[in-house]
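Working notes, beginning with the structure itself.
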């Protein structure tokens with residue numbers, strides 16, 4: 001009798017563990033930590049990368065949904081370079097930036113969205129979407145900072161992990177010259 005009970009318990013545990021291994025669990029992304037960065041080593045942060053979450057309620061097949069996103073926020077007299085209709089993420093093409101840019105480029109004080117993930121029919125996809133027209137291993141953001149004593153141009157090389165939404169700064173360059181080539185050290 002004891003052997004029979006032990007065999008049934010063993011078979012039950014084995015069946016439970018096999019079923020739980022075969023069952024696909026739904027992916028639920030998590031929001032990363034907000035961080036600020038001092039790009040020119042003057043002890044004043046120039047940018048903030050912040051994550052946000054929202055829920056909407058609507059109609060249609062995907063009526064209600066959730067979204068997690070990340071944006072870059074220029075702070076302390078910093079402006080980001082935007083290309084009209086394309087945003088702030090640049091591929092590594094070594095564009096030359098100046099304090100005075102011509103259309104379709106312009107300097108902007110507002111935040112720029114970088115990456116997001118949102119539900120579709122109440123399920124999360126497995127990857128985050130980088131908000132760029134091009135898919136690259138890394139991207140560049142260009143910025144300018146104005147202080148009482150000088151103007152600086154700079155670029156930041158970032159990498160975006162599409163499985164977690166994590167944005168990492170990989171390299172940066174700052175100059176007080178009249179121009180700077182994005183990506184060139």
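The values are calculated or read from the model by the stated rules, or taken from the named source; none is laboratory data. What you see is a predicted model, and the numbers here were worked out from it, not measured in a lab. Here the Cβ positions follow ideal geometry from the backbone for every residue, glycine too, while neighbour counts run over all protein chains shown.
Which of (1) in contact with a strand residue (DSSP E or B) (Cβ under 8 Å, 6 or more places away or on another chain); (2) in a loop (DSSP other than H, G, I, E, B); (3) within 26 Å of residue 176 (Cβ to Cβ); (4) modelled with pLDDT under 90 is the odd one out, the single condition residue 93 does not satisfy?
Here residue 93 meets the rest and fails (1).
Does the range 7-39 hold any residues that are surrounded by 10 or more Cβ atoms within 10 Å (Cβ to Cβ), in contact with a strand residue (DSSP E or B) (Cβ under 7 Å, 6 or more places away or on another chain) and at pLDDT below 90, and which are they?
29, 31
Determine, yes or no, whether residue 126 is exposed (fewer than 13 other Cβ atoms within 10 Å of the Cβ), under 16 Å from the mean Cα position of the chain (by Cα) and in a loop (DSSP other than H, G, I, E, B).
The answer is yes for residue 126.
Identify the residue in the range 56-76 that is at pLDDT below 80 and assigned to a loop (DSSP other than H, G, I, E, B) and, among all such residues, is nearest to residue 125 (Cα to Cα).
It comes out as 62.
The conditions are (1) surrounded by 21 or more Cβ atoms within 10 Å (Cβ to Cβ); (2) over 19 Å from residue 29 (Cα atoms), and residue 135 fails exactly one of them. Which is it?
(1)
Can you find a residue in the range 131-140 that is over 22 Å from residue 45 (Cα atoms), outside any loop (DSSP other than H, G, I, E, B) and touching a residue at least 40 places away in the same chain (Cβ under 8 Å)?
Looking through the range 131-140, none of the residues is over 22 Å from residue 45 (Cα atoms), outside any loop (DSSP other than H, G, I, E, B) and touching a residue at least 40 places away in the same chain (Cβ under 8 Å).
May I ask you to list the residues in the range 153-185 that are more than 16 Å from the chain's Cα centre (by Cα) and farther than 14 Å from residue 140 by Cβ?
Across the range 153-185, the qualifying residues are 175, 176, 177, 178, 179.
I need a count of the residues in the range 141-152 that are under 24 Å from residue 166 (Cα atoms) and not in a strand (DSSP E or B).
Of the residues in that region, 0 qualify.
Could you check the range 146-168 and list, in sequence order, the residues that are in contact (Cβ under 8 Å) with a residue 40 or more places away in the chain and within 17 Å of residue 44 (Cα to Cα)?
Across the range 146-168, the qualifying residues are 146, 147, 151, 152, 153, 154, 155, 156.
Out of 177, 159, I need the residue that is at pLDDT 90 or above, more than 20 Å from residue 75 (Cβ to Cβ) and not in a strand (DSSP E or B). Which one?
Among 177, 159, only 177 is at pLDDT 90 or above, more than 20 Å from residue 75 (Cβ to Cβ) and not in a strand (DSSP E or B).
So which residues in the range 27-55 are under 18 Å from the mean Cα position of the chain (by Cα) and part of a strand (DSSP E or B), if there are any at all?
Across the range 27-55, the qualifying residues are 35, 36, 37, 47, 48, 49, 50, 51, 52, 53, 54.
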